[in-house]
Structures are given as C-alpha cells and as structure tokens.
Amino acid sequence: MTVVQRLTDLVLFVGCVLAALSVGAAIARRWAPFGIGRLEAITLSLSLGLVILAYGVFTVGLLGWLHRAVLIGLLAVCYAAGLRDALGELWRRRFPYPFAERLAELSGIEKVWLVLLLLLDGLALILCFVPPWLGEWDSLSYHLAVPKLYWQDGRIHYLPFTHHAQFPMTPQMLYLLGLGLTNLRSAAIAKAFHWLFFILCQLVLVSWGICLPQRSLRAGVLAAVAFGTMPLAFSEASTAYVDVALTAFVSLSLWALIRFAQQPDGRWLLWSGIFAGAAAGTKYTGLLCVVLLVPFALWAAKRQGVKAWGAIVLSGSVASLIAAPWYVKNWLWTGNPVFPFAYGIFGGRQWSAAMAQAYTRSNREFGGGRDVLTLLALPFNLTLNEIRFGHCAGQWLGTCPSSGCTKRWKCGKFDNVDSPTLSVGVLPLALLPTGLLLLRAGEPLVGVGSLFIALFSGFWLAWWFLEAQYLRYLLPAFALWSVWMGAVGAAWQRVSKGTALTVRVVITIGLAYNTLIALWFARPLLPVAFGWMSDAEFLRATTPAYRVAEFVNGALPRDAVIATYGMPLVYYLERRYFWADSGHNRLIPYERLRGIDDLMAAWQKLGVTHLIVDWRYVPSDSALARWIAEGKQREWLEELWRSDESPQRMEVLAVAGGRKP
C-alpha cells in the first residue's frame, strides 16, 4: 500500500502542476512581454499559476469551504481556464531562441554538471515522499501543522496559541491543497510543492543568462548548477519549509525588473510586481521586494530614457494588493499587520512586550556578534561553519554574542543543529572573490543587473547580519549571488585555456563535495521514500513526537484537549491541542499564577484534559516543573505514558477534573 500511495501522490502532484501551468499560461500569453523565449514563458506561467492556485485555496479557506470536492473543483477551473489553448501556445514555434549559445555548444564537463543537477533534482523529489520527521522541525510544528488544523476545521481561522499561524502563508496554502487532496493521509504533495519552487529557482537562474551582456546560456546553467547543488538548498527542497519558495519569488521579481531595465516593456514591471507581492505574501522579509520595486523601476526607466509612470504605479499597486490579504487578516485578527513583530508600535493579541523582547533576543542569539570583525569574517564562516560542525571555542572568526545571550550553544552556529547539509559548500568562496580580478581586467559580467543584485542582496545581508543570523534566511541572497557565480565561471572560460581548465577543476571539486553531502543526507531516507520501510516504522525510529502521537491518538478520548509543554511538534496529533508554554501566547497568565492550584484552575478554564511534557525543553528547576511535580503528589495529575528513554524525557499526563469547555 505504501508504494501505491507514493504513486497516487505523484499523479496528484503532476495534476496540480498542470493545473497551475494551465491557468498561468492562459494569462501569461496575454501579458507576456514581446520577444520572450519559451523557457521564460514556461517560468512565468508556472510561477503565476502557483500564485493563483495558492490564493484560490486561501479564498475558499476563508469562506469555510475547505472540502476535497471544492479543491478538485478549483483545479478543474484552472484546467478549464486554458489547458488546451495555453499549453498549445507554449509549444508553438513562435518563441525566439534567446541565448547566444546552444545547449550542444556546452563543453563535455558542463553537460556532466547539468546532468548531475538533474539527477539531484530527481533525488530531492524522491525525498519528498519521506514523511515529515524530526529533521523537519518547522514542518511538524507549524508549516504543515497549521494547514492540517485548517483542514480539520474546514476553514481558515484565528489560532491563538501560535504566532507562527499569523505569518504570511502563500506556500502553505499549496501545502493545504496537497494535504486536502489526500485527506491528510500523506504530506508528500505538500512537500513536493516546495520542491517545485526549487525547480523554479533553477529555471529563473538559467533565464537570467539572457540578462547578461553575452546572453550566455553557459552562465545561466552554471548559476542554476551552483544554487541547485548547494547543500542547504538541496536539503530544504524536500521539506515543507518556505525559504526556497521565498527565494523563487524574490529571484523572479528581481529578474523581471532587470529584464525591464534591458527592454523597457511595462509588462515586465507588472510581472515584477506580481512576484514581489507573492514574496511579501510568503514571509515578512519579502516586503523588501515591494519596498524596492518602485525606486528600482524608476531608476531603470530613467536609464532607458522612457516614461513609464503608469506601469510603475501599476506594478507597485499590484504588489501591494497581492501581499495585502495576509496583513489585513493579521490586522483584523490580532490588531498588528506584522504580528508578532513591531509590538511596540501596533501591540498584538495574545502577546506582550516581554514576549516580543524574548523573541527578538532569541533570533539574535544565532551566529556571531554584530561587530566589524565578524562581518569581515562572514565569507569564511558561512563557508566553513558546518564543515567544522559549528564549535565556537577557539575557532570562531569574529566575536560571539555575549550581551543578554541565554543560549551559548547557539554561539558560532547558523542553525539549531550541526550538519554538513546546512552549509553552502565551497563554490561561493572559491568563485565570487575572483570576479574582482575580472572586473579589473574589463571583463563584462552581469551588466545592469549587478547594481540591482548588489543593492538588494546588500539590504538583505544587512537585515540578516543585524537581526537573525540563521543560514537559511540567506537563501534569496545566495540565489542572486549564484548569478554572479555563473557569470564568473563563464567569464574565466573565455579568458584563456589555462583559466578555463582551472575554473572547471574548481567547479568540479565543489560539485563533487556538494554531491557527497546530498548522498550522505539521502542514504538513510531512501528506504522509506521508496516504500521499502513503512512510514510508521521510520517515524518510530527517528521522531519521538510520533511515538507520543501514537499513544495519544490511540488511548485518549476524541474530545480530549491537550496542553503541550516543550513539545511543539504536533503535526501527528489527532486530538485538540494548544502550545501552553509561556513564550508562545498568553492563554495562561503565568505572571499571575502562584502555584499548582492557580495552574489547575487555568487548565480547567481552557478545558484541558491532558498534558504532554517534553522535559528536554522544560527546565527541571522551573516553576512549571515544581508545580507539575506537586500536582503528581496531590494526585491531580496522573501519568499515562512516558518514553522508555533514560533519563525520562517525555510523558503524557491526565488532568484530574479536566473537562471540555
């Protein structure tokens, strides 16, 4: 049955892709700028179709129509919008060939790189069939858990227990579609949508070769290879996270803007606005695309000597309108359009100033300090950090954060865990600095696009450096820097035979390293991905939260209400739950509690019948730990299950007198 489920998921996913391509192509063929190539047409059509599909699911969710029949109807509407005519249009021979080189003109080793990229793309798709496990923390806690709650309730509504539910969620609407089509039996389609954004990133990077002075297919392919084989991007592609989706929308928006700078067709600005709005609808950081869209467009229009005020206003308006629903929803539900951020300005429901400060401090505890030395050391640290597994003592090039730091284990790390998969490889450090030598030699590299890439990635890097040195938050910048890597790699091959040989050896070594990491990452996951191991067997072995969920789903009554402590990985729970930790919400006023009596009263007010406690994340000397211990002594709390690990890590408790509200 596992293999049948995998095949069914694959067929459904292909159907979703064709639906998105159909509705996107039906619109793109009317809005497409003059003279675009087929690769650009497919990239624009598929990207637009995904945005339309996501907002369609968002709309039916707000209307309370989350049912499988409605989702199938939505896909049918997308097909009806233009499957026959739109796809026929894409495959007509009217599209010009946009590159100066043909694919056959690439060297043998470059074709090997391209084949390697395609193989890794296929491997990443296979890994999407691995059920969400402990290595996908954010998927289990909210990227998939929140859409699952929406599906179970039949509508999108306010969830007070997690601020993550208030983030912009354009990709998660596609995940909701995937979960709904299988009626929650599988998350493979949801994860495959994120993989599709990974492919879109590569398509837009290849298309970026058209923007270069040489209209170089070679540079575009090298850019796609550099990004697509990057361990961080590869490992993210098979998860239901959103950073690759954000990267795709950011890259699409900036690429369309640069195409306008080369070809002053106002329709390019419209496309840039669409994807800028989608970026802002994916993550708050995507607002940078909307903010920079108009000034970048004004500069590009002035450079071309054209008056494009109407197109510029339209693009800015479209970007704002596409992003707006998420921010209006937040305003209505929490009183804060960018909840939980900017609390000092807007405030926010179920939040507080102390929680806002703690959240900001937690984000800033990753990485190194914010001094000049650490900034200068970033190229080396970003490259070498995960190779040396993030140990800070005596190896960090720069200073560790010290003021107000509460978690020293984060010092010198750009992620929660130490793993070579959470790295960028050696190619950025090996290639990018050599571009300065090419510039001095007068070699044209990226043309007008260099200014946009430098400014945008500079703003992005500044935010990242000051606020949240978490490596995957830099993916959009690395995608843009991949354009430079592709241009540099192609340029060195034009200089001389010696430099061509040298750069090919360097790139081959870098790709070999990236491939080894990808295979190392994939090897233990392939048995379950192919269905040789059951999902349950795999999850029992890798994901403690699944073992808890198995007990809860099998032993607790269906009307149970569970308060979780230190255990946000709730995707597999089939009972009502909420995060009860003090840092997530104010459902329980811990600042007013004086003991277990007050806490019991708070639980009973919320209808809590059971607790799940992960003692790895609940300090033994905390007030909560003392109150739970006292509750056990008074027999107000009864242990129903605990993990068989030693020392004890997780347990399920029944609350005496617990009732449903």
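Within region 110-137, being surrounded by 15 or more Cβ atoms within 10 Å (Cβ to Cβ), out of contact with any Pro (no Cβ under 9 Å at 6 or more places or on another chain) and assigned to a helix (DSSP H, G or I) holds for Glu110, Trp113, Leu114, Leu116, Leu117, Leu120, Asp121, Leu123, Ala124, Leu125, Ile126, Leu127. Condition test on Arg361, is it under 23 Å from the mean Cα position of the chain (by Cα), open to solvent by 50 Å² or more (accessible area, probe 1.4 Å) and over 24 Å from Thr170 (Cα atoms)? Yes; evaluated as a whole, the condition is true for this residue. Selection of first residues in region 147-169 that are farther than 16 Å from Ala190 by Cβ and in contact (Cβ under 8 Å) with a residue 40 or more places away in the chain and of second residues that are part of a loop (DSSP other than H, G, I, E, B) and among the small types (Gly, Ala, Ser), restricted to Cβ pairs under 7 Å at least 6 apart or on distinct chains, gives the following pairs, ordered by first then second residue: Gly154/Gly64; Arg155/Gly64; Pro168/Gly281.
Contact map, region 81-95: residues that are farther than 20 Å from Cys16 by Cβ and assigned to a helix (DSSP H, G or I) paired with residues that are at pLDDT 75 or above and open to solvent by 20 Å² or more (accessible area, probe 1.4 Å), Cβ distance under 6 Å, separation 6+ or inter-chain. Pairs shown: Glu89/Arg29. Restricting Leu270, Leu246 to residues that are open to solvent by 10 Å² or more (accessible area, probe 1.4 Å) and either among the aliphatic types (A, V, I, L, M) or part of a helix (DSSP H, G or I) (or both) narrows the list to Leu270.
Selection of region 238-264 for residues being polar (S, T, N, Q), in contact with a helix residue (DSSP H, G or I) (Cβ under 8 Å, 6 or more places away or on another chain) and within 19 Å of Ala32 (Cα to Cα) yields Ser251, Ser253, Gln262. Considering Tyr546, Tyr577, Tyr617, Tyr572, the condition of being part of a loop (DSSP other than H, G, I, E, B) and modelled with pLDDT of 95 or more is satisfied by Tyr572 alone.
Residues of region 157-186 that are assigned to a loop (DSSP other than H, G, I, E, B) and closer than 23 Å to Ser47 by Cβ: Phe167, Pro168, Met169. If you go through region 302-335, how many residues are modelled with pLDDT under 90 and either touching a Phe, Trp or Tyr at 6+ places or on another chain (Cβ under 6 Å) or surrounded by 13 or more Cβ atoms within 10 Å (Cβ to Cβ) (or both)? Of the residues in that region, 4 qualify. Please specify each residue of region 458-477 satisfying the condition of being closer than 20 Å to Leu373 by Cα and either open to solvent by less than 10 Å² (accessible area, probe 1.4 Å) or not in a helix (DSSP H, G or I) (or both). Result: Trp460, Trp464, Ala468, Gln469, Tyr470, Leu471, Leu474.
Could you identify the single residue in Gly566, Gly510, Gly531 that is closer than 27 Å to Ser235 by Cα, buried (at least 20 other Cβ atoms within 10 Å of the Cβ) and not hydrophobic (A, V, I, L, M, F, W, C)? Break it down stepwise before answering.
Details: Gly566 fails: buried (at least 20 other Cβ atoms within 10 Å of the Cβ); Gly531 fails: buried (at least 20 other Cβ atoms within 10 Å of the Cβ).
Matching residue, one of Gly566, Gly510, Gly531: Gly510.
Pairs linking a residue in region 337-364 that is without any contact (Cβ under 8 Å) to a residue 12 or more places away in the chain to a residue that is part of a helix (DSSP H, G or I) and of a type in the set (A, V, I, L, M, F, W, C), with Cβ atoms under 7 Å and 6 or more positions apart or on different chains, are Pro337/Trp331; Pro337/Phe346.
The values are calculated or read from the model by the stated rules, or taken from the named source; none is laboratory data. Note that the structure is predicted; figures quoted are calculated from it, not measured. Cβ coordinates were reconstructed from backbone atoms using ideal geometry, including for glycine residues, and neighbour counts include every protein chain displayed. Remember, those area values only see protein heavy atoms, side chains included, never the ligands or the DNA or RNA. Shrake-Rupley method; radii C 1.70, N 1.55, O 1.52, S 1.80 Å.
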